[in-house]
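Working notes, beginning with the structure itself.
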């Protein structure tokens, strides 16, 4: 099986996200890193791309140059990953989709709901894949959880409780550090701080596992460090289309939580718990029965959970391979095999609608508001 | 040191709460079980009291008989525990306080805010102790947490997040079981189900550790099993007088959570985590530092934490001895040593005010309301 | 039910073990603390006994005085607890048994195998109860484990692996502290240090749960702090009568382990794990199945596990109530109800035989030796 | 930086180890999969290699053909991974080293000590790299542990306790399954079963972290399933050159342990604990202090731990990336940067010497024997 050709925009030298995508794309030998516009400094980007093995003529200075250079090649890239600053995602993603490329866009897909809807429409029109990197949803045991819900193993889902809280922005003496500060500055981060950053991962996960859509929400935002304009702590209550009750807490001042992303799903006949720091186990309790530990790699898992793990039971697979799983699904999808677990433009715009809804609700003291993009109402 | 004399109302044969109080009162040899009106069936109560070693003349048929029998004795009981059905707490507690007895009342102390305020006034007027059994607050490591906050070891507290959720009422096929059903029936349980049952333990704990008072709240209630009138799941956001943000989730349909009561406290310079299923450890992270495990029994703990543990480090002490710690504090208080950790009538009425506030807020779709009893506004 | 009368020898003011026994005997209201010779300083012991509520005529100056004072009383104590320094256990236990008292002896029951066999013979001759305080075996979930083995739920037991290791003697700068040093000094501690102190708890537990007897063993001892004559770290391999393989590690220099006592039992059809720091859970894996968490208090536990717990599921019960469970079994046994879980003089002598066997084996570089007392060969 | 060229022998279609090496070599973009003799069925191997993107002229039918094909090429592979059945490792590794290739050999490197010494000599003579895949030693937090020991942060190491036990061979009804049975059959597995399979990982780890060499050992082997000739459970006590005491338990019948590989290191001034199922945390307790959790990715880690992690704190990295870390070190070593953490032929022969020593000791009832290869005595 020939490798697919892959290009990346952003993810230059020193970025965290660049290596994660390169590993994700290459770990399973599915993609060949063929083209890139890796840095906003054109020369630096071209040079770095070549140290990573990209041919000089496909080491581009910016995304426009890359679009121009790739679009008429017979051997053009099969997939473009957009890992640039958030505010540029919309423009780049749209342009590449319109030119007939498949795209994997980092989250958030856009800065507004309107832009998000535009991407959905463009993707539909062109028939190209537009995936969004909600990579936590690609952990095998998250896929197992979703498959259990779909198979009815929990009965109707009554309640989803999810947290995505850390304390890495909890040091007030570090609050002016530019790498922290921008996140709470509307000029750079948009309308929301912590909820838009981490909360939407959790909200996506709730819908993903419960196999349902968030319909309405009520939010309580707080800026616990007073210099912050945007929230560093948020609680969002929600209801899903099927009636499921949701609770989501997200914080960046929860000192001691390193990466506390967890989710609990409670249905009529059982409960599940998954946590991103122990991603290889899924804790399951049937109603009236004992709590059981479902292990990645055990016999009898649902197909999606089996397909996306590489090594045997109790050999942990971590975050970089969850990203790689997104690329596995993408490779399949590019080759024509439908992967319905792949987060897409509809997920991207739903997140953005939820962000705007939460901001509006928080301003109105927790009023319940519609969380759906207009196009999906 | 002579043992103090102790009497109990309620807690008859087959009750869960009776043995817990008997063990709590007697474990440390501080109280002698001297009198009791243990059962609403007078004869059964008298007989059972005698099998427990109470003299026939102090084995009473009901609380009125006990009040009459004890109040004029020279050797009357030093403490009366009220462990009867919730709706009777107010009347009995008030009567014994007015007759000059010290009282430990089970939670909830009353069914209304007005009754709660009345108890506060009566306790103040008589100068007698009126304690309320928020026994989780008597775990040594909870006392350590509170002492750390008071000593400024976390800096100003920004955020408290607490959960008290279980799944023991999650089986819809068992929802008509009388032992489950009454909790969701306003005729028996009052205005609130799960929040009044478990949530107020968590809310008390938040105030206790943060050493602050809940001022306003916003609630979202759900009856996830449709036959229930009262809520079986609730989320309450709150603000404390000092500005601390609070988040409280409580549920009885969280299948797989056996007794998930935990609390996290996040301040300017550190975070703490305590969970009732691992009560002998307190997890502490200083800002910018590593997470540490504080163990019950280790050297250098705050005085209150040391005083209320019995065996050496890593020998667990559990729930019954947390109840016993309430009795330890009561014995000291009766003998005149102020124990400011002892939950009292003010705590009792604050809980009731929070319950009514949450019910009102939930009805108004999460409107923020004052959570304080009128007397403390 | 009238309380039984209870006396204690040793456990004076400031001792750790005294309060543990007093709580154990009194927590459930089964025993009344009636007599005591609590201190090697006669006056101090008499005075302290009275502050604990013992009548002056039963507050004795030493054990001989107590024996003389109690043996002819009509209302003499029903049970005597021996909690004196190790070297005196034999003499006192023997004297009280011979005078017709029931005895609960702290471990080690004796300092030699010969003494141990003598106690077994005396107990048999007098028909009195001689229990030994292997209190860990009285945790409800340990009883559950034993009952599961007996019921065949694990099939034949192939392997038992147990550890009892802590690091509280790991500070070489503290090694001359008298409270630490005596343990490694043959003049005070006898032939063995850490194995005789903690290891025999683990060895007893192995036999208790596997429901079998240790037959042969091979030991490797080390004094990792060079000033110590006796071992501070030991590994003991053993075989049980039924062929079960055993592995036991015990250490007092395992810095970071606070109280690391755990046991794993592996049979033909399943495995179990229990740890003293999480005593309310028993981890069970059926062969080919998922790991399950068995909770104290859940429905369907074996009778012994149910009988010895007091509060509902997920409300932890800790070490002091495990000691109390020994007293529960003793109260039943004194009243004539056979409690086969109660550790007895045969267990006491088996431990002593294992200590001498391990010492001999370690001296012979791990030679396999018979671990049984001569009387049981 | 141009990718290095990499070839593999073994690891054909359906093998577990093949994908692990391909991911390890390619995840970080350091190696290009250039040549392979992947299967003992020549045609199948050639075909499979080509589906993996290898050019037809470098898709070989067996290792001899590959050696012949590669050795005279100007662009020959920079590294050959040997992932064939154990009995062939020696011959292939030796041949490739002698032809001037760098080799990564799966464990065990050889079947005898003599062969192992031969590899050490050949590697030395040719100056080529001969690494052995003790991949657990490449986890970042294992490197951190070793660096802490080397930096003296634990003081002198007194004691190492390690376990590598699972229950996947615990089902007697599955014992005749060929994939299980061969491991206990001397004709196929050699002199040792479980110790040679898993135990040597743990023994290597002990030496690796303690930065010392195993000198003598005493072993107790058991075949708990009676049809097995070789051991399925083993306990090995050992002493290191610097006096450190060692304890190692390994089992394949420990039902419920999925992959229980853990190690504890206790020194004069602190203790460490690491477990392969939670590989991103290292538990550290300074003597007299509190237990701390050291997280992969936190600030201030030792250089080796930093270098070998890819994503930020609390984003787990698992087993496949530990294998990838071996390839990272190999890439550096091939380019001339000394990586002293890379397990090498000396480690390989030490393991084999320990296996033969343990077998001999077990036969002599635990006699202490020299565990070193003759060449290192």
- Note on the structure: The residue from A:91, A:64 that alone is outside any strand (DSSP E or B), touching a strand residue (DSSP E or B) at 6+ places or on another chain (Cβ under 9 Å) and without any contact (Cβ under 8 Å) to a residue 60 or more places away in the chain is A:64
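Which of the residues belonging to segment D:100-115 are at negative phi and outside any helix (DSSP H, G or I)?
D:101, D:102, D:103, D:104, D:105, D:106, D:107, D:108, D:109, D:110, D:111, D:112
Suppose we filter B:350, B:339 for residues that are within 22 Å of residue B:109 (Cβ to Cβ) and in contact (Cβ under 8 Å) with a residue 60 or more places away in the chain; which single one remains?
Criteria check complete, one pass: B:350.
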- Query: Just checking, how many residues over segment C:266-281 are surrounded by 23 or more Cβ atoms within 10 Å (Cβ to Cβ) and either within 12 Å of chain D (Cβ to nearest Cβ) or outside any loop (DSSP other than H, G, I, E, B) (or both)?
  - Reply: 6
- Query: How about segment A:237-246: which of its residues are at the interface with another protein chain (Cβ under 7 Å from one of its Cβ atoms) and farther than 21 Å from residue B:240 by Cα?
  - Reply: A:245
- Query: Which of the residues spanning segment A:241-257 are out of contact with any strand residue (DSSP E or B) (no Cβ under 6 Å at 6 or more places or on another chain) and either part of a strand (DSSP E or B) or surrounded by fewer than 24 Cβ atoms within 10 Å (Cβ to Cβ) (or both)?
  - Reply: A:242, A:243
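Please state which one of A:208, A:195 is touching a helix residue (DSSP H, G or I) at 6+ places or on another chain (Cβ under 6 Å), more than 28 Å from residue A:306 (Cβ to Cβ) and touching a residue at least 24 places away in the same chain (Cβ under 8 Å).
Just one listed residue meets the conditions, A:195.
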- Message: As an exercise: evaluate residue C:173 against (1) within 12 Å of chain D (Cβ to nearest Cβ); (2) assigned to a loop (DSSP other than H, G, I, E, B); (3) surrounded by fewer than 17 Cβ atoms within 10 Å (Cβ to Cβ) and give the number of the one condition it does not meet.
- Response: (2)
- Item | Set D:314, D:333, D:358: member being surrounded by fewer than 24 Cβ atoms within 10 Å (Cβ to Cβ), part of a helix (DSSP H, G or I) and in contact (Cβ under 8 Å) with a residue 12 or more places away in the chain | D:333
- For residues in segment C:1-23 being within 9 Å of chain B (Cβ to nearest Cβ) and more than 20 Å from residue B:306 (Cα to Cα), which is modelled with the highest pLDDT? C:3
- Query: What is the residue count in segment C:116-158 for residues that are crowded, with 20+ Cβ neighbours inside 10 Å and not in a loop (DSSP other than H, G, I, E, B)?
  - Reply: 23
- If we scan segment D:338-346, do we find a residue that is part of a loop (DSSP other than H, G, I, E, B) and either in contact with a strand residue (DSSP E or B) (Cβ under 6 Å, 6 or more places away or on another chain) or within 12 Å of another protein chain (Cβ to nearest Cβ) (or both)? yes
- Message: Quick check on segment D:295-311: of everything there that is within 8 Å of another protein chain (Cβ to nearest Cβ) and touching a helix residue (DSSP H, G or I) at 6+ places or on another chain (Cβ under 9 Å), which residue is farthest from residue A:321 (Cα to Cα)?
- Response: D:295
- Query: So which residues in segment B:201-236 are outside any strand (DSSP E or B), within 10 Å of chain A (Cβ to nearest Cβ) and more than 21 Å from the chain's Cα centre (by Cα), if there are any at all?
  - Reply: B:223, B:224, B:225, B:226
- Within segment B:45-61, work out how many residues are surrounded by fewer than 22 Cβ atoms within 10 Å (Cβ to Cβ), within 28 Å of the chain's Cα centre (by Cα), in a helix (DSSP H, G or I) and more than 13 Å from chain C (Cβ to nearest Cβ). 1
- Looking at residue D:263, is it in a strand (DSSP E or B), more than 8 Å from chain C (Cβ to nearest Cβ) and either at pLDDT 95 or above or over 15 Å from residue D:160 (Cα atoms) (or both)? yes
- Task: Keeping to segment C:3-57, report how many residues are without any contact (Cβ under 8 Å) to a residue 12 or more places away in the chain and closer than 14 Å to residue C:330 by Cα.
- Result: 1
- Message: Taking the criterion of being without any contact (Cβ under 8 Å) to a residue 60 or more places away in the chain and more than 14 Å from chain C (Cβ to nearest Cβ), would at least one residue in segment D:282-294 satisfy it?
- Response: no
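The values are calculated or read from the model by the stated rules, or taken from the named source; none is laboratory data. Note that the structure is predicted; figures quoted are calculated from it, not measured. Virtual Cβ from ideal backbone geometry, glycine too; neighbours counted across all protein chains shown.
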